[in-house]
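Q: Attaching a single structure in C-alpha cells format; questions to follow.
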Amino acid sequence: PMQRRMIVEAQRNGEAGTGVLRFIIRPVRREDSGVAMIVIEDITQQRAAEEAQHAFVAQATHELRTPLTNIRLYTEMAMDEGKKNPAVLANCLNIINQETYRLDRTVADILSITEIEAGTLTVRKEDVRLEEIFPELQAGYAAQADEKQIQMAFNLPPKLPVIKGDREKIRVALHNLVGNALKYTPAGGQVNVTVTADDGHLVVEVGDTGIGMSEEHREHAFEKFYRAKDARVAKITGSGLGLAIA
C-alpha cells in the first residue's frame, strides 16, 4: 500500500541503448492506498548534462589552479630572495606576469565557452574591415614565429572586402587558429594563412607543418578541454579551449 510519494531511478541497459529512467509513484486517493499512479521519465539527457557540467567545473578549476599556484610560489620566492638577488626578483616578476596573463586568458576562454553553451552569446552585425584584421593578426604573432624560427606567410588577395559580422569574435577565432598552428609547429617549420574572397564568400585557411593529429584524436579537436594523449604535446601549455571557441 502506498502512503506517500516515492521516486526511484533505474539504469536502463538494452538493445536500444543505455539510459536512466525515473519512476515517480504516488497514491491516487488517501482512502485507497492500494491504487497508485506511476509516472516514468527518461532523464538520460539530464544526467548527461549534469555529468558534463561537473566535468567542466572540475577541469576549469584545474586550469585555474595551475597559474594561481605558480603565482603564489614565485611571489613567495620574490619576497624571500628578491631583496638579496635582483636577478631572482626580475625572473620571479617575469614569471608572475606570464602566469597572470595566462590566468586572464583562461578565465576569458571559460566565460566564452559558458556563453556559447548557455545560448547567451550575442553576435553583433557591423562593418568589419578585413584589411585591418589580417595585418594586426600577422603583427601579433611575428615575434612568436621569429622566436621559434617558423616562417609565417600571409597569402592575401590584392583587395580585401568589408564584410558584415562581429569584429571581435572573428578576431578571436582567427587568433586561436593561428596561435594553435604556431604552438604545435616545431622550430624551423612553416605556417601559412591563405585568404580568398569571391562570389560573396570569404575563406580563411590556416595550414602548418606541425605535428598533426592522429585519426583517433581528430574527431575530438573541437571539444572543450580536450588535449591529445601525445607525448609531443605534454610540455606545451594550453587549456584545450582555443579550438572549441574558434
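Q: Out of everything in segment 77-90 that is out of contact with any Gly (no Cβ under 8 Å at 6 or more places or on another chain) and buried (at least 16 other Cβ atoms within 10 Å of the Cβ), what residue ends up being farthest from ALA108 (Cα to Cα)?
A: Going residue by residue through segment 77-90, those that are out of contact with any Gly (no Cβ under 8 Å at 6 or more places or on another chain) are 77-87, 90.
So of that shortlist, the ones also buried (at least 16 other Cβ atoms within 10 Å of the Cβ) come out as 77-78, 82.
On the way: MET77: 28, ALA78: 28, GLY82: 31 Å.
For segment 77-90, the residue satisfying everything is GLY82.
Q: Go through (1) at pLDDT below 75; (2) of a type outside the set (Ser, Thr, Tyr); (3) open to solvent by 80 Å² or more (accessible area, probe 1.4 Å) one by one and return the number of the condition HIS201 breaks.
A: Exception for HIS201: condition (1).
Q: How about segment 130-170: which of its residues are more than 14 Å from LEU202 (Cα to Cα), open to solvent by less than 60 Å² (accessible area, probe 1.4 Å), touching a helix residue (DSSP H, G or I) at 6+ places or on another chain (Cβ under 8 Å) and part of a helix (DSSP H, G or I)?
A: Within segment 130-170, LEU137, GLY140, TYR141, ALA145 meet the criteria.
Q: Search segment 175-190 for residues that are within 12 Å of ILE211 (Cα to Cα) and surrounded by fewer than 18 Cβ atoms within 10 Å (Cβ to Cβ) and pair each with any residue that is modelled with pLDDT of 90 or more and hydrophobic (A, V, I, L, M, F, W, C) when their beta-carbon atoms are under 8 Å apart and the residues are at least 6 apart or on different chains.
A: ALA187/ILE150; GLN190/ILE150; GLN190/MET152; GLN190/ALA153
Q: Of all residues in segment 30-76 being modelled with pLDDT of 75 or more and in a strand (DSSP E or B), which is surrounded by the most Cβ atoms within 10 Å (Cβ to Cβ)?
A: Selected residue: ALA36.
Q: Does LEU121 fit the bill of being closer than 30 Å to GLY165 by Cβ, assigned to a loop (DSSP other than H, G, I, E, B) and in contact with a helix residue (DSSP H, G or I) (Cβ under 6 Å, 6 or more places away or on another chain)?
A: yes
Q: Here's something else I'd like to know. Could you list, in sequence order, the residues of segment 204-238 that are surrounded by 12 or more Cβ atoms within 10 Å (Cβ to Cβ), at pLDDT below 70 and either under 16 Å from the mean Cα position of the chain (by Cα) or not in a loop (DSSP other than H, G, I, E, B) (or both)?
A: Of everything in segment 204-238, those that are surrounded by 12 or more Cβ atoms within 10 Å (Cβ to Cβ), at pLDDT below 70 and either under 16 Å from the mean Cα position of the chain (by Cα) or not in a loop (DSSP other than H, G, I, E, B) (or both) turn out to be TYR226, ARG227, ALA228, ARG232, VAL233, GLY238.
The values are calculated or read from the model by the stated rules, or taken from the named source; none is laboratory data. Just so we're clear, the structure is a prediction, and the values are computed from it rather than from any experiment. In this analysis, Cβ positions are derived from the backbone assuming ideal geometry, glycine residues included, and neighbour counts consider all displayed protein chains. Heads up: the accessible areas ignore ligands, DNA and RNA and are worked out on the full protein's heavy atoms, side chains in. Shrake-Rupley method; radii C 1.70, N 1.55, O 1.52, S 1.80 Å.
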